[in-house]
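> Dumping the structure here so I can ask a few things about it.
The values are calculated or read from the model by the stated rules, or taken from the named source; none is laboratory data. Computed from a prediction, not measured in an experiment: that's the story for all the values here. FYI the Cβ positions are ideal-geometry reconstructions off the backbone, even for glycines, and counts take in every protein chain you see.
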Amino acid sequence: MTQSNIPGFLVEPEEKITQLRQLLHQASYAYYALDNPIMEDAVYDQLYHELQALEQEFPQFITPDSPTQRVGEKPASQFVSVQHHIPLYSLENAFDFGEMQAWEVRWQRYWQTNQGAELPTPEYVCELKIDGSALALTYEKGVLLRGVTRGDGSAGEDITPNVKTIRSIPLRLNWDNPPEIVEVRGEAFLGLDVFHRINQEREAKGEALFANPRNAAAGTLRQLDARIVSQRQLDFFAYTLHLPETDDLRTVNFPGPAPTTQWHSLELLQNIGFKVNPNRQYCPDLTAVQAYYDLWATGRLALPYLTDGVVIKLNDLAVQQGLGFTQKFPRWAIAWKYEPEQAITAVLDITVQVGRTGALTPVAELNPVQLAGTTVSRATLHNRDRLAELDLHIGDRVVVHKAGEIIPEVLRVFPELRSPHAQPFVFPSHCPECHELVIQPKDEAVTRCVNPTCPAIVRGSLLHWVSRNALDVEGLGEKIISQLVEKGWVTSVADLYDLQAPQLANLDRLGAKSAANIIASLEKSRQKPWSRVLYGLGIRHVGAVNAQVIASEFPSAATLAQASLEDLNAIHGIGPEIAQAVVDWWQNPANHTLITRLSQAGLQLTTPDLHPVPSNSQPLKGKTLVVTGTLPTMSRAEAKKRIQQAGGKVTDSVSQKTSYVVVGENAGSKLSKAQTLNIPCLTEAELVEMLQ
Ligand code: IVH
């Protein structure tokens, strides 16, 4: 679908151009003048390119004040502007291997046309593309003279006092007889931990948060108070060394080999005192470059700083010189970027989904967009409050974000780009599935349908029951489950076990063979352990791991039904929210009926005892025991059960009537009381011995 077809987005090109121009002006004012960015750099770039494309198509609407007509942005007034002797070029971007191959063909053609000679061997150096802020550092006779920001590439700001606070930048080069002037370039950045700490501090003070480490680094570098900069712990990786013309270098002793390649330059930079990123690699061809790119596609996620791609440079400095620069970029280097995680698209509609807990989740239906390697056509809007906060209208332009495996979400809305036809969205007061009134519980952001027979809730609980970590029933996907619910054959998970193969074979898209497979898989699920059944019940906050923990303390549905809030809270790793949810679940009589039916259907509602005590042996008959602390191998519930099976009685408090106290690690007041009353204490091993 093209944008002009999108309902609510019927904006004329001239109007669109004006909107984009104004928004970009605001963004660049906020970024440069206020040091308080209102959008991510990647988002700015996308809007900028959109404006550029529109202006190309409709040049009659270009105005002299369009951001596309400006060569660069003005530095902020507080710092002195400095002309760069050698401009700071930007890098051309590639997004796939095809574009990398095209770049290789391009520089080789240029070489053949302009140098005529034989093609040089295409050997490359790959470096990580650090997501920070470029700096140019001038050293005079080996001493740091000046540190300047990139600015517009031809002039930047002199921020020397701030640069001097960066510990990874040497104030004096480790070089005995250095050239008169040396210029080093590299990337200043903030480590992720420092970035998070700064934002936490800002949040505590009620200050606006930095959107990402890159903005935080750029903002910090342009701080007027160098003491603040010093606290922020900026870091720096050097990547380019500019030496004077070769003639002046005759008297210079290089600490290491004189650089003739990028690889040597990086080594020299390291030798003279700079931090150089260790994850660089020499690559003899593009296949090796691809392997490097692939390796760091995931490797970069574990680094303590952000990278947004890799930079590939021709290794031979003479070849670099022969290739030179275009208006904007070096011909001898390129950035191969990783997929952006944010993109701009339009909201075609807003729908509301009802989950298995009855939670109503608003979802933005999007004009499909490529994001982090996948096509995204839906994004969560989380809940009613978040939707209201965004003030999203149908037809709005939005930024969607997706990182790794997380569900895509709408990050931001551009009301500035809104069409007069865009429709505000009214959150439903009734469940879109069963049409019952919905509620918004106090202190919760979630709006819920609380009708237990709501088809969406039933469908959700069935899907959860059959999911892999629960009862792992194969063949029951969304489509089949929807039919089972629609036909009224299944209203609870227990009904699944009444289904017959011939009945299933009547459903759409299901033959006799698939029906038989489903029945066989349901049969298999009857043997799944109690912990999986517990997880499958879908009690709020009880995930697969919590279910295992709870099931090992309460080895059957019957014991869990009797568990008090206190008992559950005492389990290591089970918090009060989970404990409350479990107790609440058992308070609903419908759930007791469900458990009875599941038991009749043959599901495992108890964990078989691996060490049964013969029923005729009652070694603890007439004894009263108290169990306290954490035992080395047995849970307290298990110890209790085994004492009872051996004829003993278990109580909660120590008194004169207590025969023994079984003591584990971190035992507290019960142990002291036992010692005061002179009651014998047992270790777990001693208890086991007694049981036998
Ligand atoms: S080389 C002419 N190497 O990426 C050579 N740049 O998008 C230009 N960057 O402005 C720079 N890591 O701020 C180079 N290893 C690296 C880099 C790197 C990050 C930044 C740099 C540049 C931007 C271009």
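> Scan region 268-294 and report the pairs whose first residue is touching a residue at least 60 places away in the same chain (Cβ under 8 Å) and closer than 30 Å to L144 by Cα and whose second residue is hydroxyl-bearing (S, T, Y) and in a helix (DSSP H, G or I), with Cβ atoms within less than 7 Å and a gap of 6+ or a chain change.
Q281/Y292
> Ok, one more. Consider only pairs whose beta carbons are under 9 Å apart and that are at least six residues apart or on different chains; among these, list those whose first residue lies in region 88-99 and is more than 13 Å from I312 (Cβ to Cβ) and near the ligand (Cβ under 7 Å from one of its atoms) and whose second residue is of a type in the set (F, W, Y) and modelled with pLDDT of 90 or more.
These pairs meet every condition: Y89/F325; Y89/F329; S90/F329.
Listed here are the residues, each with its yes/no results for (1) part of a loop (DSSP other than H, G, I, E, B); (2) over 30 Å from the mean Cα position of the chain (by Cα); (3) crowded, with 19+ Cβ neighbours inside 10 Å.
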residue	(1), (2), (3)
L241	no, yes, yes
N253	yes, yes, no
P278	yes, no, no
V289	no, no, yes
Y292	no, no, yes
V310	no, no, yes
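> For A547, only one of the following conditions fails: (1) closer than 22 Å to R468 by Cβ; (2) at pLDDT below 90. What is its number?
Every condition holds for A547 apart from (2).
> Please determine whether any residue of region 444-466 is more than 19 Å from T351 (Cα to Cα), within 29 Å of the chain's Cα centre (by Cα) and of a type in the set (V, I, T).
yes
> Out of E118, E123, which single residue is within 23 Å of N315 (Cβ to Cβ) and modelled with pLDDT of 95 or more?
Within the list E118, E123, the selection yields E123.
> Find all pairs meeting these conditions: Cβ atoms under 6 angstrom apart; at least six residues apart or on different chains; first residue within region 307-328 and closer than 27 Å to L190 by Cβ; second residue assigned to a loop (DSSP other than H, G, I, E, B) and more than 11 Å from the ligand (Cβ to nearest atom).
The qualifying pairs are G309/Y338.
> Are there helices (runs of 4 or more DSSP H) fully within region 577-692 with at least 2 residues that are of a type in the set (G, A, S)? List them.
589-600, 636-645, 669-676
> Hey, any hits in region 139-154 for a residue that's buried (at least 17 other Cβ atoms within 10 Å of the Cβ), within 30 Å of Q290 (Cα to Cα) and within 15 Å of the ligand (Cβ to nearest atom)?
yes
> Also: Report yes if some residue within region 522-529 is buried (at least 16 other Cβ atoms within 10 Å of the Cβ), modelled with pLDDT under 95 and not acidic (D, E); otherwise report no.
Checking region 522-529: not a single residue is buried (at least 16 other Cβ atoms within 10 Å of the Cβ), modelled with pLDDT under 95 and not acidic (D, E).
> Looking only at region 498-513, which residues are in a helix (DSSP H, G or I) and either surrounded by fewer than 18 Cβ atoms within 10 Å (Cβ to Cβ) or at positive phi (or both)?
Passing the criteria: D498, A501, P502, Q503, A512, K513.
> Inside region 120-136, can you point out the residues that are in contact (Cβ under 8 Å) with a residue 60 or more places away in the chain and either under 26 Å from P304 (Cα atoms) or within 15 Å of the ligand (Cβ to nearest atom) (or both)?
The answer is Y124, V125, C126, E127, L128, K129, I130, D131, G132, S133, L135.
> Looking for something within 14 Å of the ligand (Cβ to nearest atom) and modelled with pLDDT of 90 or more - is there at least one such residue anywhere in region 157-172?
Scanning region 157-172, I find no residue that is within 14 Å of the ligand (Cβ to nearest atom) and modelled with pLDDT of 90 or more, so the answer is no.
> List pairs: first in region 347-364 and assigned to a strand (DSSP E or B), second surrounded by 19 or more Cβ atoms within 10 Å (Cβ to Cβ) and aromatic (F, W, Y), Cβ under 7 Å, 6+ apart or cross-chain?
Close Cβ pairs satisfying both conditions: I350/F425.
> Here's another thing I want to ask about it. Kindly provide the set of residues from region 126-140 that are within 24 Å of the chain's Cα centre (by Cα) and of a type in the set (S, T, Y), ordered by number.
Hit for region 126-140 is S133, nothing else.
> While we're looking at this one, here's another question. It is to be established whether one or more residues within region 334-353 are farther than 27 Å from H401 by Cβ, away from the ligand (no atom under 13 Å from the Cβ) and more than 19 Å from the chain's Cα centre (by Cα).
If we filter region 334-353 for residues that are farther than 27 Å from H401 by Cβ, which is where we start, we get none.
So far as region 334-353 goes, no, none of its residues is farther than 27 Å from H401 by Cβ, away from the ligand (no atom under 13 Å from the Cβ) and more than 19 Å from the chain's Cα centre (by Cα).
> What number of residues within region 434-450 satisfy the criterion of being at pLDDT below 95 and farther than 23 Å from E389 by Cβ?
1
> Scan region 250-298 for residues that are within 13 Å of the ligand (Cβ to nearest atom), more than 23 Å from F97 (Cα to Cα) and among the basic types (K, R) and jot them down.
K275
> Just need a number here: residues in region 464-481 that are outside any loop (DSSP other than H, G, I, E, B) and either of a type in the set (A, V, I, L, M) or buried (at least 17 other Cβ atoms within 10 Å of the Cβ) (or both).
The number of residues fulfilling the criteria is 5.
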